[in-house]
Amino acid sequence: MTAGDQQDTAVEFRYPLVALALTTAVAGLIDAVTLLRYGVFTANQSGNIVHVGMGLSGHFSPWPVALASIVGFGVGGAVGGPLRRAATASPPVTELLGVIVVFTLWATADFLLDSGSRDRTHQVLLAALAAVGLGILAVLFVRTAGVKTTPTYQTSTVLNAAQSLSAWIARRGHNPSAARRWTLGLVGIACYAAGGAIGAIAQRSVAWVFVLAIAVLATLLAVARAH
């Protein structure tokens, strides 16, 4: 089994669609909470890059928080690969435990630093911590049933789903590969939006956000395959 094969949810998890849905929902949940509380994204790094550019031109004052999120996400993505290679248990278990540890540290820091205080230095640290966890989550898998998918970055998901739907319609529904691609794309888009909605509703009682995110990740541990 190659490393590329291992990064398909169909190989990593007993219920691949559940894994795709839950990880994407968690990313949307965290993205909504950090946007509302810290003013920046922690999963959508395209938005943060624009925010940094706006800040450098004097039009977005929280740009250091956006920059911290970019760096944190990159660190998480860089850590995810070595976690996979060094795993003694099944790779998804190791990486999910890493995300749970980071989110627990983030929750503790958010409580101790009182993220509602709007202190810019605190927000830099908190956004970076959240982004590290999401960066690890982003490299947990890269495909579902052979189709390219991602739990964090949805711009490509929208594009791929639209292109696949167009191809499926052009073949009058006789294109199983395209049907699978646009169906999985819609699952990702819907779950990310659902996570964002829940995050927006729950962010005033942020402790529940942390509990929910960690509970979802614990559920994924239960459905991870043993390699």
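Using Cα pairs under 8 angstrom and six or more residues apart, how large is the relative contact order of region 24-140, in percent?
On the way: 174 pairs, mean separation 40.7, N = 117.
Once normalised by length, the contact order is 35 percent.
Each other residue within a Cβ distance under 11 Å of T23 adds +1 if Lys or Arg and -1 if Asp or Glu, for a net charge of -2. For A222 and A167, the FRET efficiency from 1/(1 + (r/R0)^6), where r spans their Cβ atoms and R0 equals 25 Å, is about 0.10.
Fewest to most neighbouring Cβ within 10 Å: what's the order for R225, R14, R181?
Details: R225 17, R14 13, R181 25.
With the fewest neighbours first, R225, R14, R181 line up as R14, R225, R181.
Relative contact order for region 15-67 using alpha-carbon pairs under 8 Å, separation at least 6, rounded to a whole percent?
Numbers: 42 pairs, mean separation 13.1, N = 53.
Dividing the mean separation by the residue count of region 15-67 yields 25 percent.
Which FRET efficiency, nearest 0.05, do S205 and V158 yield, Cβ-Cβ r, R0 41 Å? Write out the running numbers ahead of the final one.
On the way: r = 31 Å, r/R0 = 0.75.
Step by step, r from the Cβ atoms, then E = 0.85.
What FRET efficiency comes out for A145 versus L113 if R0 is 41 angstrom and r is the Cβ-Cβ distance? Round to the nearest 0.05. Provide the component values of the computation, followed by the final result.
Values: r = 41 Å, r/R0 = 1.01.
In this case the efficiency is close to 0.50.
Comparing A162, A25, A66 in a Gaussian network model of the chain, where Cα atoms under 10 Å apart are tied by springs, the biggest mean-square fluctuation is seen for A162.
With the convex hull of the Cα atoms taken as the outline of the chain, the averaged projected area works out to 12.8 nm². Of P151, P176, P16, the residue with the greatest mean-square motion in the GNM of the chain, using alpha carbon springs below 10 Å, is P176.
A cut-off of 5 Å between modelled amide H atoms, ignoring neighbours fewer than 5 places along the same chain, links F13 with R225. When only Cα pairs below 8 angstrom with a gap of at least 6 residues are kept, the chain shows a relative contact order of 34 percent.
No value in this document is a laboratory result; all are computed from the given coordinates. Quantities reported herein were computed from a predicted structural model and do not represent experimental measurements. Please note: Cβ atoms are built from the backbone with ideal geometry, for glycine as well, and neighbour counts cover all protein chains shown.
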